[in-house]
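Working notes, structure below.
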């Protein structure tokens, strides 16, 4: 019989992934005692947000989790692309994961920005049923399960457009990849 595991589902655009994202992975493992963290880059955002190419964001997400490469505890999943639908909803991703891994307990880690608009999500009440817990990640001060430094991908993209160096806000290797690919300019 398969061993039951606690799995943190951590989705997002990761455009680019920043230290706040990396800290979320770390804290999911260490503070919340998750057995694994599954990072899931958004394939096509249900709210229509424009993003860099999926393949580039997937690669950056992989770079973000290199710290845990040999632990078997963190992986980046291409499940949203694999689903092959034009718009992918979180509820459908979690339902598919539950179907594939019926013995696992899933915990959704989401940012406060998404928490504040949860009423716009497809079947958020179903997400709450499918997940053991929803962990809300705040930026700066706030009454959330987890509070991180106030860092945003939007802020980082703006810094790059203005010719500023955002490397202090990015995991190792991400800034180099951004410069090589000349993105966000």
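Read-outs throughout are calculated quantities, based only on the coordinates presented, and are distinct from any laboratory measurement. It should be emphasised that the depicted structure is a prediction, and the values quoted were computed from it without experimental measurement. Heads up, the Cβs are rebuilt from the backbone with ideal geometry, glycines too, and the neighbour counts pull from every protein chain shown.
Would you work out the relative contact order for segment 1-83, in percent, from Cα pairs under 8 angstrom that are 6 or more residues apart? The partial results should precede the final answer.
Values: 104 pairs, mean separation 30.2, N = 83.
Reported as a whole number, the value is 36 percent.
In degrees from 0 to 90, rounded to the nearest 10, what is the angle of the helix 19-30 Cα long axis to the longest principal axis of the chain?
Compared with the principal axis, the helix lies near 30 degrees.
Evaluate the relative contact order of segment 59-132 (contact order divided by residue number), counting alpha-carbon pairs under 8 angstrom at least 6 apart; express in whole percent. Provide the component values of the computation, followed by the final result.
Values: 34 pairs, mean separation 22.7, N = 74.
Answer for segment 59-132 is 31 percent.
Out of all DSSP beta bridges in the chain, what portion is antiparallel? Express it as a percent rounded to 5.
Given both bridge residues lie in the chain, the antiparallel proportion sits at roughly 0 percent.
I'd like the orientation of helix 90-100 relative to the chain: the angle between its Cα long axis and the longest Cα principal axis, in ° from 0 to 90, rounded to 10.
Helix 90-100 sits roughly 50 degrees off the main axis of the chain.
Taking the number of other C-beta atoms within 10 Å as the exposure measure, put 87, 7 in order starting with the fewest.
The most exposed by this proxy come first: 87, 7.
Quick check: the angle from helix 54-64's long axis to the longest principal axis of the chain, C-alpha only, nearest 10 degrees?
The helix 54-64 is inclined about 90 degrees to the chain.
As a test of understanding, state the convex hull volume per residue of segment 6-150 from its alpha carbons, in Å³.
Each residue corresponds to 111 Å³ of Cα convex hull volume.
Between residue 117 and residue 158, how many nm apart are label points set 7 Å from Cα along the C-beta direction?
Each label point is offset 7 Å from its Cα along the Cβ direction, giving 1.6 nm.
Find the relative contact order for the chain and round it to a whole percent, using C-alpha pairs within less than 8 Å whose residues are 6+ positions apart.
Rounded, it is 26 percent for the chain.
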